[in-house]
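For reference, the structure is listed below as structure tokens.
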Number of protein chains: 2
Amino acid sequence: MSVSKENFIKTIYKLQQGVGQNTRPGTIAAALGISNAAATDMARKLAARGLINYVKYQPVTLTESGRLMALDVLRKHRLWEAFLFEVFGLSMHEIHREAELLEHQTSVFLAEKIDAFLNNPTTDPHGDPIPATDGSVVFSNKNLILSEAPAGATYYVSRLAGSEEEFFDFCRDNKIAIGAQLTVGNRYNAGQTTEIVIEDTKLLLNTDFTNLIYVKQNQ
Amino acid sequence: MSVSKENFIKTIYKLQQGVGQNTRPGTIAAALGISNAAATDMARKLAARGLINYVKYQPVTLTESGRLMALDVLRKHRLWEAFLFEVFGLSMHEIHREAELLEHQTSVFLAEKIDAFLNNPTTDPHGDPIPATDGSVVFSNKNLILSEAPAGATYYVSRLAGSEEEFFDFCRDNKIAIGAQLTVGNRYNAGQTTEIVIEDTKLLLNTDFTNLIYVKQNQ
DNA sequence: CCTTATTATTAAGTATGCTTAAAAATAGAA
DNA sequence: TTCTATTTTTAAGCATACTTAATAATAAGG
Ligand SMILES: [Mn+2]
Ligand SMILES: [Mn+2]
Ligand SMILES: [Mn+2]
Ligand SMILES: [Mn+2]
């Protein structure tokens, strides 16, 4: 497996998990910063290897072995993020940036060492679950996506699912951090905009951010 | 810079430093496990980028910017080795194996973090000097190569410059570790074989190993 | 339902980093 | 010095991962 193939498969997995997203070639291409033609090309190659299901003009899906491969990369990514956060104190964006590279050059052997050193963490610093070696992932069933969390209630931030520096900068500047308390207010613009109150500040957030923020009722 | 280019340049640096070695295309090719044709090809490409001096049928040499590039990779390699040894307790061979991959995906930013975490170490666990960010390297002027260390004297092992698992297994099995004490005995086979006594055991070593082991008079 | 805009696919081409095979140059031995 | 063995180079070719441009299919709006 090459870096390109690993990133491609991981992107499919993440798009398929993400809210309001699809796994069509163009979407994958945009996420990876490559042309649509290159994405179609890669889709055919990975289908030939039995890692994805590809039917012309259809969204692609991962096969079981493709899913396991995605989870292997994601496990390494999130273990590195947890490690860089705990040990070196890097920021939310820095851990992601470095893990994006290290994930492809990490043996299963080394991943186990990191895992043991951190006492087998279940989530990374963004609140994302860390898949186990066998590919099992435990999703918190208490997480609510902020774009859909019932209004009028108070929540704790439980997951920041973005990856762009801009997103993390915004969260940091507005005290949106894992464990922070916020209240959901009115919805505007046909539910596209969510009003929240955090640290006595009122914010109006659009779905491009509220689809990346998860909250839960209790800490 | 690609992984292939970084490894190529690093190999030239190491061959040029090593005892009884040269930097001819065939030697580089053998070290990297590629064909002579591929090595010639790469030599021309790197020369075009001003990283090496290449004249047909001649050994290649690094330019100043090539040397700095080699030292940058070597710095990352050795910082990772020191880190994996200290923090995860990996063996001499395991640290090398993992560092060989990680060295290419490590930002200068991350290298600085590792360096600071380890309190700016000057040598890695093999006794090799860790180049500074500016490319300066401090070589111990007290190190003697075991193949040439005067007979009859007692020394401390100061550097194990190999990279093969077989070499490190041999060293471990025979108590040849950094700081271990040994005495140099007779030389045989026109100096190709060195007799040493370590932990009351007599060993006869050939130059393929004694060119990789360095010792010094005082600890 | 038809037209148009968007998206996907195919085709052709490029750079990288390899390969093997053949030719050329160099090095070593007699 | 001359022959031979070794090494290096050149040539041709291949796989990967991209590109742009042209074509085909699908999706969306009027
Ligand atoms: Mn991440
Ligand atoms: Mn990546
Ligand atoms: Mn090493
Ligand atoms: Mn390497």
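The values are calculated or read from the model by the stated rules, or taken from the named source; none is laboratory data. All figures in this text were calculated on a predicted structure; none of them were measured in a lab. Counting neighbours? That spans all protein chains shown, and the Cβs are built from the backbone with ideal geometry, glycine included. Protein only, heavy atoms only, side chains kept; ligands, DNA and RNA dropped before computing areas. Shrake-Rupley method; radii C 1.70, N 1.55, O 1.52, S 1.80 Å.
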**Message:** Conditions first: (1) more than 16 Å from DNA strand C (Cβ to nearest atom); (2) open to solvent by less than 20 Å² (accessible area, probe 1.4 Å). A:G89 passes all but one, so which condition is the exception?
**Reply:** (2)
**Message:** Of the residues A:S163, A:S136, only one is closer than 26 Å to A:H93 by Cβ and either modelled with pLDDT of 95 or more or not assigned by TED's automatic domain parsing to the domain that holds A:L84 (or both); which?
**Reply:** A:S163
**Message:** Any residue at all in the range A:117-124 that's within 22 Å of the chain's Cα centre (by Cα), of a type in the set (A, V, I, L, M) and over 30 Å from A:G66 (Cα atoms)?
**Reply:** no
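Of everything in the range A:51-93, what is over 19 Å from A:I12 (Cβ atoms), over 15 Å from the mean Cα position of the chain (by Cα) and of a type outside the set (A, V, I, L, M)? Give them in sequence order.
Pass one, the range A:51-93, residues over 19 Å from A:I12 (Cβ atoms): A:79-93.
Add one more test, that the residue is over 15 Å from the mean Cα position of the chain (by Cα), and what stays is A:83-91.
The answer is A:F83, A:F85, A:E86, A:F88, A:G89, A:S91.
I want to confirm something. Restricting to the range A:105-130 and keeping residues that are under 27 Å from A:S4 (Cβ atoms) and open to solvent by 30 Å² or more (accessible area, probe 1.4 Å), which single residue is farthest from ligand 4 (Cβ to nearest atom)? I'd like the intermediate steps shown before the answer.
Taking the range A:105-130 as the starting set, the residues that turn out to be under 27 Å from A:S4 (Cβ atoms) are A:105-115, A:124-126, A:128-130.
When the remaining residues are screened for being open to solvent by 30 Å² or more (accessible area, probe 1.4 Å), the result is A:105, A:107-109, A:112-113.
Numbers: A:Q105: 9, A:S107: 14, A:V108: 19, A:F109: 17, A:E112: 22, A:K113: 19 Å.
Looking at the filtered set, the residue picked out is A:E112.
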**Asked** How many residues does the range B:77-92 hold that are out of contact with any Lys or Arg (no Cβ under 9 Å at 6 or more places or on another chain) and more than 12 Å from every other protein chain (Cβ to nearest Cβ)?
**Response** 4
**Item:** Odd one out for B:G179, checked against (1) in contact with a Gly (Cβ under 6 Å, 6 or more places away or on another chain); (2) surrounded by fewer than 19 Cβ atoms within 10 Å (Cβ to Cβ)
**Value:** (1)
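Can you name the helices (runs of 4 or more DSSP H) wholly within the range B:1-93 that have at least 2 residues being closer than 24 Å to B:A116 by Cβ and free of Cβ contacts under 8 Å to residues at least 60 places away in the same chain? Explain how you work it out, then say what you get.
On the way: elements: B:3-17, B:25-32, B:36-48, B:64-88.
Of the helices (runs of 4 or more DSSP H) lying wholly inside the range B:1-93, those with at least 2 residues that are closer than 24 Å to B:A116 by Cβ and free of Cβ contacts under 8 Å to residues at least 60 places away in the same chain span B:64-88.
So that you can scan it fast, the table gives a plain yes or no per residue for (1) closer than 27 Å to A:Q16 by Cβ; (2) buried (at least 20 other Cβ atoms within 10 Å of the Cβ); (3) aliphatic (A, V, I, L, M); (4) in contact with a Gly (Cβ under 9 Å, 6 or more places away or on another chain):
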| position | (1), (2), (3), (4) |
| --- | --- |
| A:F139 | yes, no, no, no |
| A:E148 | yes, no, no, yes |
| A:A151 | no, no, yes, yes |
| A:T154 | no, no, no, no |
| A:Q192 | yes, no, no, no |
**Message:** Can you pull out every residue in the range A:139-152 that is within 17 Å of A:Y188 (Cα to Cα) and touching a residue at least 12 places away in the same chain (Cβ under 8 Å)?
**Reply:** A:I145, A:L146, A:S147, A:A149, A:P150, A:A151, A:G152
**Message:** Where the second residue is among the hydroxyl-bearing types (S, T, Y) and open to solvent by 20 Å² or more (accessible area, probe 1.4 Å) and the first is over 14 Å from A:C171 (Cβ atoms) and lies in the range A:201-217, which pairs have Cβ atoms under 9 Å and are six or more apart or on separate chains?
**Reply:** A:L204/A:Y188; A:K216/A:S140; A:K216/A:Y156; A:Q217/A:T154; A:Q217/A:Y156
**Asked** Is there a residue being outside the structural domain of A:N7 (by TED's automatic domain parsing) and within 16 Å of ligand 1 (Cβ to nearest atom) anywhere in the range A:182-189?
**Response** no
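Yes or no: the range A:104-116 includes at least one residue that is part of a loop (DSSP other than H, G, I, E, B), touching a residue at least 12 places away in the same chain (Cβ under 8 Å) and either within 16 Å of ligand 3 (Cβ to nearest atom) or within 15 Å of the chain's Cα centre (by Cα) (or both).
The initial filter retains those residues of the range A:104-116 that are part of a loop (DSSP other than H, G, I, E, B), namely A:106-107.
The next check asks that each one be touching a residue at least 12 places away in the same chain (Cβ under 8 Å); those that pass are A:106.
Add one more test, that the residue is either within 16 Å of ligand 3 (Cβ to nearest atom) or within 15 Å of the chain's Cα centre (by Cα) (or both), and what stays is none.
Checked against the condition, which is being part of a loop (DSSP other than H, G, I, E, B), touching a residue at least 12 places away in the same chain (Cβ under 8 Å) and either within 16 Å of ligand 3 (Cβ to nearest atom) or within 15 Å of the chain's Cα centre (by Cα) (or both), the range A:104-116 yields no hits at all.
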